Amino acid sequence: DIWSWAITAAFPDIGKLGSQLNLIVGMPPRLASNDVAGRRDRDVSYHLELSYRYPLTDRIFITPGVLVIIDPEHNDENDTIGVGLLRTQFNF
């Protein structure tokens, strides 16, 4: 059995008309049971993501954000991973 889940939320017009605050919380795919007990994921990873789309003009948006994975590869001995992101969107 492989399990995964996510909860997402988007909040429009926070701070400025046309902006959007985005939040994702979830668990990456996890092997919960298997015919070979040694191949099962014993720990649980969590995926957290937060971003904010900000309109610079009617056609240009910038989206800074952060992505964090707690206990990567479902192993609590692994260090947390954090990644910053910056996206620019041009609409034609």
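Over the chain, calculate the relative contact order: mean separation of alpha carbon pairs under 8 Å at least 6 apart, over the residue count, as a percent. Don't skip to the end; give the middle numbers.
Numbers: 209 pairs, mean separation 20.5, N = 92.
Relative contact order, the chain: 22 percent.
Here the calculated FRET efficiency for ASN22 and PHE92, from their Cβ-Cβ distance with R0 = 30 Å, stands at 0.85, rounded to the nearest 0.05.
Sorted by packing (mean other beta-carbon atoms within 10 Å per residue), highest first, where do 13-25, 39-51, 76-88 land? Please list the in-between numbers first.
On the way: 13-25: 13.3, 39-51: 15.4, 76-88: 10.5.
Per-residue mean Cβ counts within 10 Å order the peptides as 39-51, 13-25, 76-88.
Summarised as an ellipsoid, the stretch 2-90 has semi-axes of 35, 13, 9 Å, derived from the eigenvalues of the Cα gyration tensor scaled by 5 and square-rooted, with the largest first.
Throughout, read-outs are computed from the coordinates displayed, never taken from laboratory work. Keep in mind that what you see is a predicted model, and the values were worked out from it rather than measured. A quick note on method: Cβ atoms are made from the backbone with ideal geometry, for glycine too, and the neighbour counts reach across all protein chains shown.
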